[in-house]
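Here the structure is laid out as structure tokens; the discussion comes afterwards.
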Amino acid sequence: MHPLAAIPSPTRNLIHIGPLPIHAYAICIIIGIFAAIAVTTRRFVERGGKSDDIWDIAGWTVVLGIIGGRLYHLITDPELYFEGKPGTSPIDAFKIWDGGLGIWGAIALGFLGAWIGARRHNLRILVVADAMAPGLLLAQAIGRWGNWFNNELFGAPTSLPWRLQIHCLDATTGVAIPGGTNGRYACPPGSTVAGYFHPTFLYECIWNIAVAVVIVWLDRRFRLGRGKVFSLYVMGYTLGRVWIEMLREDHANHILGVRLNVWTSIVVFVGGLAWFLAHGGFNGGREASPYWKQPTVDAENVAHGGHDDAAP
């Protein structure tokens, strides 16, 4: 068996349906969202909840999560949009299809959205968070393939058999162009290939799926609750993000010579560990019901626009 010469990357990241451009990054995000909802719904129903509740919560979570992810990116990398450098424009801040959703902002505002949705349905937010955790990892794993289509967020140059071929894509047309650039790497005249690099998108995809499998197993083995499944997600994801982030070559701001997202991962990991230990670790049990007060059949009927048969 001969090793692969390289993992190929797409030479375009969008297609046109008539005048409408369809970006592969956006498609990956959408697929990831629906995958997360499917996993969350199944886990939530297993905990005694109703599947319809998750769809309402998902609406709040997705909208605020996308806003939060973009805001985090803009706050931590403002020079890409607002400092008047050549090739930058404030209008690009709205082009989320080109990439640039910071996971930390997405989780923070997404959690707020989940809390709003849970409050509307009399749900315990920690039960909802525990149900969501594996689905979030699956969504992040799928979303990383959007970076593959965009030929972005790759690692350092490498000669390993699983190295990733990276192209120079034109930002306007989304098509690989000879003699272009990709970050600080340039394609030679007559070639669209900038070089061969660590496929960090693939590392993170595999890591996220592995962590999702592990926390589902731990949840079933120990019947975890009180937000501890979500804290395991936080710890598992950030643990992998630290070493993957250290491999990446894309633009990033640094603190004390270390990429900002590495510091953020460390802080978030410590927060997740503190929560997990403070709430009993692998002991302590779980909530009996996802609802603060179990709704009655009549209450559910009235809430969905029906009539209370007991009413005069």
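We did not get these values from a lab; they are worked out from the coordinates using the rules stated. These numbers were taken from a predicted model, which means no experiment stands behind them. Note: ideal-geometry Cβ built from the backbone for every residue, glycine included; neighbour counts use all protein chains shown.
With respect to the chain, whose longest principal axis is taken over its alpha-carbon atoms, helix 260-278 is tilted by about 20°. In the chain, the DSSP-assigned H stretches of four residues or longer account for a calculated mean residue ellipticity at 222 nm of -18000 deg cm²/dmol, using -39500 (n - 2.57) per stretch and the full residue count as denominator.
When the charge dipole of region 206-261 is built from unit charges on Cβ atoms (+1 for Lys and Arg, -1 for Asp and Glu) and taken about the Cα centre, the candidate among ILE244, ASN261, ALA210 whose Cα reaches farthest toward its positive end is ALA210. Principal semi-axes of the equivalent ellipsoid, √(5λ) from the alpha carbon gyration tensor of the chain, are 39, 23, 18 Å from largest down.
Helix 125-150 and the longest principal axis of the Cα set of the chain meet at an angle near 20°. Rounded to the nearest 0.05, the FRET efficiency derived from the C-beta distance between LEU218 and SER289 at R0 = 35 Å is 0.95.
The Cys residues in the chain with no partner Cys Cβ within less than 4.7 Å of their Cβ are CYS28, CYS205. In this structure the amide hydrogen of ASN182, modeled in the peptide plane, comes within under 5 Å of the amide hydrogens of CYS187, none closer than 5 places in sequence on its chain.
Each residue of region 182-198 is assigned a 3J(HN,Hα), and the resulting list reads 9, x, 8, 9, 10, 8, x, x, x, 10, 9, 9, 7, x, 10, 9, 4 Hz, derived from the Karplus form 6.51 cos²θ - 1.76 cosθ + 1.60 (θ = phi - 60°), x at Gly and Pro. Amide H contacts of ARG124 (H built 1.01 Å from N, in plane; Pro and chain starts excluded): TYR291, TRP292 sit under 5 Å, all sequence-distant by 5 or more or on other chains.
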